[in-house]
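The values are calculated or read from the model by the stated rules, or taken from the named source; none is laboratory data. Everything quoted here is computed from the prediction, not taken from an experiment. Note that we place each Cβ from the backbone using ideal geometry, even for glycine, and neighbour counts take in every protein chain shown. Surface accessibility is based on the protein's heavy atoms, side chains included, excluding ligands, DNA and RNA. Shrake-Rupley method; radii C 1.70, N 1.55, O 1.52, S 1.80 Å.
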Amino acid sequence: MNTPFAPGDILCAVSGYSSTFADFYHVDKCTAHTVILTPIDRKMTPTESLYDTAFIPCTQESIGESFRRKIHGEHVRINEHANAYLWDGKPVHTESYS
């Protein structure tokens, strides 16, 4: 099977315009063309900026029902506003100006 994802991988989707948000997903199962994802919780990590927030996934805490998505190259399209990529293991920075 030729897929960039494997069961147990964590994907991250960052979305937003004036404020950005990070969501994490656990890969439960995958085929050559699809993945089954479960949304997982996140926790905040310290940053040096007032407007910058960083998150890491809480890999043992699911926060929603599993769902199937089609693989598009190196990403999975979560919805019309967000694509999820393989998480690189570093805190994901988001911004909020409100």
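Computed with a 1.4 Å probe over protein heavy atoms only, the accessible area of THR94 comes to about 10 Å².
Accessible surface of region 51-97, 1.4 Å probe: 47 percent of it comes from carbon and sulfur atoms. Between THR34 and ILE71, the built amide H atoms are under 5 Å apart, and every one of these is 5 or more places off in sequence or on another chain. Taken per residue, the accessible surface of the chain reaches 65 Å², heavy atoms only and a 1.4 Å probe. Could you point to the label whose value was computed as Rg and Dmax of the Cα atoms in Å for the structure here, given (1) 12.2, 35; (2) 13.0, 38; (3) 13.7, 45? Read-out taken from this structure: (3). For ILE40, the amide hydrogen comes within under 5 Å of the amide hydrogens of PHE24, TYR25, HIS26, ILE63, counting only partners 5 or more places away or on other chains and with H modelled in the peptide plane.
Using a probe of 1.4 Å on the protein chains alone, the accessible area found for PHE67 is around 50 Å².
Applying 1/(1 + (r/R0)^6) with R0 = 25 Å to the Cβ-Cβ distance of SER49 and GLU74 gives a FRET efficiency near 0.30. A cut-off of 5 Å between modelled amide H atoms, ignoring neighbours fewer than 5 places along the same chain, links ILE78 with ASN83, ALA84. Loop-resident GluC sites (Glu not before Pro) (DSSP state other than H, G, I, E or B) in region 27-81 with no more than 12 further Cβ atoms inside 10 Å of their Cβ: GLU48, GLU65, GLU74, GLU80. Computed from phi, the 3J(HN,Hα) profile of region 76-83 under the Karplus parametrisation 6.51, -1.76, 1.60 (θ = phi - 60°) reads 10, 7, 6, 7, 5, 10, 9, 10 Hz, with x in place of Gly and Pro.
Here the relative contact order of the chain, from alpha carbon pairs under 8 Å that lie six or more residues apart, stands at 32 percent.
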